[in-house]
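The values are calculated or read from the model by the stated rules, or taken from the named source; none is laboratory data. Note that the coordinates shown come from a computational prediction; the quantities given were computed from them, not determined experimentally. Virtual Cβ from ideal backbone geometry, glycine too; neighbours counted across all protein chains shown. Just so you know, the surface numbers come from the protein's heavy atoms only, side chains and all, with ligands and any DNA or RNA stripped out. Shrake-Rupley method; radii C 1.70, N 1.55, O 1.52, S 1.80 Å.
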Amino acid sequence: MSISTKPASGFRDFLPNEMRQRQHVFHIIREVYKAHGFEELDTPCFERLDTLLGKYGDEGDQLMFKVLQRGRKLEKALNLDEPKDTDLADMGLRYDLTVPLARIYAQYKNELPRYFKRYQISPVWRADRPQKGRYREFYQCDVDIVGSSSMTCEAEVTSALAMVLKKLDFSGATIQVNHRMLLRAFIEAADIDVSLETDTLVAIDKLDKIGIDGVTKELLERGITQESIDKLLPMLDITVDVDDQGMPDNLAALNALGEKIGHLESGQQALKDLGELFTLGQHTAAATMLRLDPYLARGLSYYTGPIFEIRSSDFSGSLGGGGRYDGLIGMFGKESVPACGFSLGIERILVLLEERQQLQQVKPPVDVLITLWSQEALPTCLKLAQKLREDGLKVDLYPDLDKYKKQFKYADERDIPFVILLGKDEIAQDLIGIKNLKTGEQETVAYDKVVEIIKCKDK
RNA sequence: GUGGGUGUAGCUCAGUUGGUUAGAGCGCCGGUUUGUGGUACCGGAGGUCGCGGGUUCAAGACCCGUCAUCCACCCCA
């Protein structure tokens, strides 16, 4: 019986070609985050189960990969009458990067700066069923600012995000914006019971997918009365005008909303926050991308203030999401600390870049291949390789005395632009043969010239 | 968790209403006189048709089960 060599379902292997492309994209993201003053953090892939549970709603708890107890403790748990997940498992794989951040902050608060601006690019795990752009292990690229309630944080985070999107050729993407308290106000104004809040939000969030009739139907199915629906839906029906320069008039849309729910206390805070955010946002990279979207709701239960989601016309789901979560850090037992952040759905962005074939132009992995023409030339080849490497070049050395055909073909396969030839003639003259595989040009030159040729091509 | 599609060579797939030794393209390996690759020509290797059972004189084709995979829903990045 042979063992399957495929990775486990929903998991992927990244071969060097793919790694090059992924690293290229990660690099762009890192540079933008760093430019905004964020520093990198890493946390363990395992967290204690009680750190994770209860932060993402019931669905989240279901989709969490849990780690089985080991040894005695496992035996003991198995002997229980009806062992539960929490008896059998004591740890879980992290489900996102925000909860670990909250834990870190609660733990190290006194050692961290007054405002903790961190980014993290790491895998997370969800026991979901795989689909297009959905995996069980996937990378998230998070930026968060902990320690301030100012809407400047929202403005900074969305600015960083907008800059990444532009650099990755997603200029057409939008950052949809809503506010948790605004949603709460809608629910109140429509006389919907608070217990049905989540059901209501899940239904209205689907507007762009199933349309107004679909939403109505789903709201009814979820137990919302027709009377409430008739109050609710007209309130949400707000469009954001965009001018010739692509600048959206979010403030006008916000004012229109204010007329409808401005009298409610819950709505007032939301209106104030969003008013500030949209005003500040006009001066950042996100100016053209921000869009007020009263229908936007986000599943993760820890959000308390503004919420965001990236939409792009060529993908039906979201390319990332975030928001303010002022209550999460307080859940770790100490004082409550305001925070806001964003998670970029890098896997989906990569899927789209791949579809658009925008991932081809990544630089070759190696600058030059030194071919091997005779056993006697080997010491000279090794010496040359060493020298070139010290001069900052990426150099590969062909290890076997194969036919030239094979050696050239190998260079071709790896997209190596130059090969060096050290045959009898070259060694006798103390010169180096260098061939450009794209143009077919070949020269026999001195060492310095070789470096010059390769570095020149590099540009 | 729910529903649907697909499993034939390394990859993408063809394979007529069941009927002899299962095909193509690409890729791979070798060769076209041993100091030159990506083009061309010639040759070659490679498949218990996902797995198990059933129907039949006969199954890659039909039926049942199972596994894998993809897509959609749920939910989400």
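Laid out as a table, the results:
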quantity: Close pairs (8 angstrom Cβ cut-off, 6 or more residues apart or separate chains): without any contact (Cβ under 8 Å) to a residue 60 or more places away in the chain in segment A:245-273, among the small types (Gly, Ala, Ser) anywhere; calculated: A:247/A:287; A:251/A:275; A:254/A:275; A:258/A:267; A:268/A:262
quantity: Complete set of residues in segment A:172-197 that are in contact (Cβ under 8 Å) with a residue 12 or more places away in the chain and either acidic (Asp, Glu) or open to solvent by 50 Å² or more (accessible area, probe 1.4 Å) (or both); calculated: A:172, A:181, A:184, A:188, A:191, A:197
quantity: Residue that is nearest to RNA strand B (Cβ to nearest atom), among those in segment A:32-63 that are in a loop (DSSP other than H, G, I, E, B) and at pLDDT 95 or above; calculated: A:45
quantity: One residue from A:402, A:412 being within 20 Å of residue A:443 (Cβ to Cβ) and out of contact with any Asp or Glu (no Cβ under 9 Å at 6 or more places or on another chain); calculated: A:412
quantity: Pairs, first over 21 Å from residue A:131 (Cβ atoms) and among the basic types (Lys, Arg) in segment A:11-39, second open to solvent by less than 70 Å² (accessible area, probe 1.4 Å) and not in a helix (DSSP H, G or I), C-beta under 6 Å, six or more apart; calculated: A:20/A:362
quantity: Matching option when the condition is in contact (Cβ under 8 Å) with a residue 24 or more places away in the chain, touching an Asp or Glu at 6+ places or on another chain (Cβ under 8 Å) and within 25 Å of residue A:30 (Cβ to Cβ), among A:288, A:304, A:284; calculated: A:284
quantity: Lone qualifier among A:269, A:245 - being farther than 24 Å from residue A:316 by Cα and assigned to a loop (DSSP other than H, G, I, E, B); calculated: A:245
quantity: Filter result (in contact with a Phe, Trp or Tyr (Cβ under 9 Å, 6 or more places away or on another chain), within 16 Å of RNA strand B (Cβ to nearest atom) and not polar (S, T, N, Q)) within segment A:174-200; calculated: A:175, A:177, A:180
quantity: Test set (1) open to solvent by 10 Å² or more (accessible area, probe 1.4 Å); (2) in a helix (DSSP H, G or I) - residue A:352 fails condition number; calculated: (1)
quantity: Restricting segment A:229-254 to residues that are over 19 Å from residue A:270 (Cα atoms) and of a type in the set (Asp, Glu), the residue that is most open to solvent (accessible area, probe 1.4 Å); calculated: A:244
quantity: Inter-residue pairs, beta-carbon under 9 Å, first modelled with pLDDT under 90 and in segment A:439-451, second surrounded by fewer than 14 Cβ atoms within 10 Å (Cβ to Cβ) and not in a loop (DSSP other than H, G, I, E, B), 6+ apart; calculated: none
quantity: Residue list for segment A:355-397, filter: assigned to a helix (DSSP H, G or I), more than 12 Å from RNA strand B (Cβ to nearest atom), open to solvent by 60 Å² or more (accessible area, probe 1.4 Å) and not aliphatic (A, V, I, L, M); calculated: A:375, A:379, A:383, A:386, A:387, A:389, A:390
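Residues checked against (1) within 15 Å of RNA strand B (Cβ to nearest atom); (2) closer than 21 Å to residue A:320 by Cβ; (3) surrounded by fewer than 20 Cβ atoms within 10 Å (Cβ to Cβ):
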{"site": "A:90", "(1), (2), (3)": "no, no, yes"}
{"site": "A:99", "(1), (2), (3)": "yes, yes, no"}
{"site": "A:107", "(1), (2), (3)": "no, no, yes"}
{"site": "A:113", "(1), (2), (3)": "no, no, yes"}
{"site": "A:117", "(1), (2), (3)": "no, yes, no"}
{"site": "A:120", "(1), (2), (3)": "yes, yes, no"}
{"site": "A:123", "(1), (2), (3)": "yes, yes, yes"}
{"site": "A:132", "(1), (2), (3)": "yes, yes, yes"}
